[in-house]
Each structure stands twice: as structure tokens, then as C-alpha cells.
């Protein structure tokens, strides 16, 4: 527990500084207008009586924009379904309008956009998606403005450490379960149980180092480069010295958690040095098959196949959207047909928002912020696109985290096969064998 708290502080420290500077309105910007006072005060409906506006904040542009590629398709599907019958709340009939806001992949901008959606665009519910750079500043804005908010697309600890929250909720995976799943997967093939880490000195890298060291001891693995002074400089793209060290130590396992452009640099180092570990995790920056396909050897052949990463989505998940009545497979096919990309990671995160909001609007006593918050808090053992979710005392809906391996796919080149699912027993039936790396 102490390690997890330390990790949370490390992950959040820099983000706090940026969002505090944002002040939910930008430096020198206006102070957010106070929310309606008094218990049960009506939240703004925007656009006139009978319309509930939902502000959807996401990195539509900038380095994180690939995560939002399916956003328009999601909005089209859910808004049409929500408005088929609408919502009868407190004696009035309501429809829903979803309004987009672009963070430009900037946490300061995220706070500004969230504030504008409420104050200028009349949104009474906020959604914020993709990494703590969106989740935390959008939640901070919602708390100041006293509007219900759901965020997702990141680990729980970097969000809960900034709480407690009165108006904000998070759909989040448990960070410890994510890293624990790594070690469960390591046990699936024969190795010498030596792990080489390729991390940088970012908050994320330091946090990962601490948690991996703790779990390695528990599972009986040896970290061959366990010292913080062996971390690469933040933003580095040349990891030659680290790769040489873990290669010399004979580590059968390489675990890297870096941004995409850094992982590309690492892969070039691995290829040029001839390091050929049996098990490779490329975490954080390789969530899309299109990125993994760019990992090549000197001859230009793709060598990213059979690398691994934590998995928050697969079309094979045995779950169904409560709002749309569509399975994970059906939503994946819809994504392929309408977005024309591989359904790699974003779909579950995109739709779980609206399963929860739909349920809250069906059960809330009124459109007040307080009553919608109560409705969200009362969601327990709720079957949706991410399995069975319940709101806990920290306002977290724990989402499934499994372990996946990139395997060849006829249509998209690669797809993630679930190979370990210790914390998601419902996925046992879709597991495939973990395979060692197949180097070219």
C-alpha cells in the first residue's frame, strides 16, 4: 500500500502543477461562475427546457489524438439511441445533446475546455477521456463548477490521489492489477526469470520502477537493473547503454514503459545490438496495431509481432453495452466499418461513459447535479460494455485489465490476443497461449 501511494504521488506531482496553473480557466482567465446554490438546485440544461447537454472533453488534436479517432462514431451511435425515447425526469421529458471539446493533448487546455463547456455552452454533465492529462483537470473543473463528471482512460491511483471527489467519477483500471498481470504472464513461458527494465526518469517511469520491484520480489523474479540511477533521461530516444546492460545480464524478459516515439528508438537499439529476449512488453506507447507494425529490423521486416502490452479492450470480451444492446464484437465491427481502423483499444472506454450516463438519467430523481451524482453512486453490479461495474467509496468504477500479445492478423496485420486475465475471470474462455518472441 505504501508503494502504491508513492507511485500515485509521483504520477500526479507534475500534473498537479500544470492543472493548478490552469485554474480551470487558464492563466489570467475568468474564475468559474458558482454553481446553483442549495441542495437539489437544478443543473443548467442548456439549449432550453428539455435538453440535457453533455460536454465530452478529449484530445481530438495533438500527440494523443489517435485515442479520439472513434469519437464522432461513438457520439453518432449513442446520441441517436439515447434520444429514441429520451428521459422522463421529474415530470419533464428530456433529450440529450453531446458537445465536443478538444484538449489539444494539453492538460491546461483540458481544464479550460471543460470550464467553457459548462459556463458558455450550457453543459450540465462533463466527460473527460484519455490519460491523467485529461482525467484530472476535467475532474478538477467539475468539482469547482459542481457538475457531475465521469472520466476514463487511465489508472486509478493517479486520479484518486487528487480526491476525494464530490461530483466526479472515474472508470479506471487498477494500476497494481495491471503490473501484476505482467508477472502472471511471465509465468506462462519458460524463462530465466531475469527482467530488464527500460524506463525513463519521468514520473511514470519512476512509479513503474517501484511497483515492478515490489512485485518481482513477490513472484520470484530478478530485476537486473533495479536502481533509479539506471533510468534513462526523460524523453530519451537512445537506450543503447540500458540495452547493453540487460543484454549482458542475460535477461530473458524486457519490460519497457515509454512513449511511442521512445519505443521506436528502443527497438532500433535492440535490433542493432542483436538483443533477442524471449518476452517483450512495450507498455504505454504501443496500444495501436498500426504503431506496432512500424517496429522493424534493419531489413525493413516487421518484428513487433509477439510483443505484449496490457489490454483494456478486445472484440472477444463477453460483454454487451447496456445502452446499445450490442456486444463487444458488434461494436468492434461497427468501428471497423465506420472508422476504417483496427478496433484496438478505445472502444470500451468510449462506450462505458454512455452506459453509465444512460443508467443515471433513467434513475435520477431530478436533473440537479446532486441527484445525478446520487444516481451514479447507486450504480452497483451493473452489467455494461465493461462487464459488471460498481461505484466504490472513491467514486471509481473498476474497469477490466487483461494482458495481451500482438499476433498476426489477416485484415489489420496484427491484433491483440488475451493471454492472461487473472482479474477478469469472465475472459477465461477467450484466452490464447502466450508465445515467445519470434525474431527475424
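Below is a table of values for the structure above.
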{"item": "Given (1) surrounded by fewer than 17 Cβ atoms within 10 Å (Cβ to Cβ); (2) more than 27 Å from residue 132 (Cα to Cα); (3) in contact (Cβ under 8 Å) with a residue 60 or more places away in the chain, index of the condition residue 333 fails", "result": "(3)"}
{"item": "Of all residues in the range 274-288 being within 28 Å of the chain's Cα centre (by Cα) and assigned to a loop (DSSP other than H, G, I, E, B), the one that is modelled with the lowest pLDDT", "result": "285"}
{"item": "Residue check, residue 138 modelled with pLDDT of 95 or more, assigned to a helix (DSSP H, G or I) and crowded, with 24+ Cβ neighbours inside 10 Å", "result": "yes"}
{"item": "Lone qualifier among 356, 323, 331, 361 - being under 16 Å from residue 75 (Cα atoms) and in contact with a strand residue (DSSP E or B) (Cβ under 7 Å, 6 or more places away or on another chain)", "result": "356"}
{"item": "Residue 196 being in contact with a strand residue (DSSP E or B) (Cβ under 8 Å, 6 or more places away or on another chain), outside any helix (DSSP H, G or I), closer than 27 Å to residue 266 by Cβ and at pLDDT below 90", "result": "no"}
{"item": "Test: residue in the range 219-226 that is assigned to a strand (DSSP E or B) and over 30 Å from residue 340 (Cα atoms)", "result": "yes"}
{"item": "Subset tally (residues that are in contact (Cβ under 8 Å) with a residue 60 or more places away in the chain and not in a loop (DSSP other than H, G, I, E, B)) for the range 302-330", "result": "6"}
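Okay, residues lined up against (1) more than 22 Å from residue 214 (Cα to Cα); (2) buried (at least 17 other Cβ atoms within 10 Å of the Cβ); (3) touching a strand residue (DSSP E or B) at 6+ places or on another chain (Cβ under 6 Å); (4) at pLDDT below 95:
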residue: 228; (1), (2), (3), (4): no, no, no, yes
residue: 247; (1), (2), (3), (4): yes, yes, no, no
residue: 253; (1), (2), (3), (4): no, yes, yes, no
residue: 257; (1), (2), (3), (4): no, yes, yes, yes
residue: 267; (1), (2), (3), (4): yes, yes, no, no
residue: 272; (1), (2), (3), (4): yes, no, no, no
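The values are calculated or read from the model by the stated rules, or taken from the named source; none is laboratory data. The structure presented is a predicted model; accordingly, all values stated were derived computationally and were not measured. Please note: Cβ atoms are built from the backbone with ideal geometry, for glycine as well, and neighbour counts cover all protein chains shown.
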